[in-house]
Every structure is written in structure tokens, then in C-alpha cells.
Amino acid sequence: MSLSEEVRRRTLWRAHHRGTREADMLVGGFADRWLAHMDAEGLRWFEVVLNEQDVDIMAWAFGTATPPAHLQGQWMVRLCALDYINLTPR
């Protein structure tokens, strides 16, 4: 396994293990959809996002708060699209 594959695997695990089901669905769903498409810059951006509080990430994604300038850009636009969340019926 290459370093890049190892980093992506670890990042995917972190995205799916946030601590709340809602954050797991949001952040994990985003990682499932976009992680394989990220270049090194995108991966660095996502690593920074993963260090943020879940309530902040969710507020940015739902549009109830403005993300900090250093996180704004194409990946934040994709995070805010919310078209990657897979809701399964109970």
C-alpha cells in the first residue's frame, strides 16, 4: 500500500468515526463521494476540516454559518451541496 493509499484509508476512517451518527453521515458521506477525486491539495483541505468541530462542519454544510476563509473554495461548495448523503430507511 502506498503512502497516499494509507493516508486516504486513514482519512476515510476518521470521516466515518466522528462521534455522532449525523456527523458520520455528513462527513463520511462526503468522503465516500469525493475522497478518491481529491488531489494532494484537496486532501490537505479535508484533513483540516476533519480537525474542526462537528457542529461547525454541519453548520457550514447546512448554510447556517459561514466557513472560515481558509476553508472556502471548491471543496466547501461540494460539502455544502449535501447531494452525497445516503439516507437509508429504518
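Need one word for the chain: rounded, prolate or oblate. Basis is the Cα gyration tensor (sqrt eigenvalues a ≥ b ≥ c); a/c below 1.5 gives rounded, then a/b vs b/c decides.
Oblate, since a/c reaches 1.5 and b/c is not below a/b.
Can you pull the percent of the chain's accessible area that's carbon plus sulfur, 1.4 Å probe, other chains left in place?
Its accessible area is 54 percent carbon and sulfur atoms.
So what is the calculated 222 nm ellipticity per residue for the chain, using -39500 (n - 2.57) for each DSSP H run with n of 4 or more, over all residues, to the nearest 500 deg cm²/dmol?
-15500 deg cm²/dmol
Using a 1.4 angstrom probe, figure out how much accessible area the chain has per residue, in square angstrom, rounded to the nearest whole.
64 Å²
The values are calculated or read from the model by the stated rules, or taken from the named source; none is laboratory data. Since we're looking at a predicted model, the values are computed, not measured. With ligands, DNA and RNA removed, areas are computed over all heavy atoms of the protein, side chains included. Shrake-Rupley method; radii C 1.70, N 1.55, O 1.52, S 1.80 Å.
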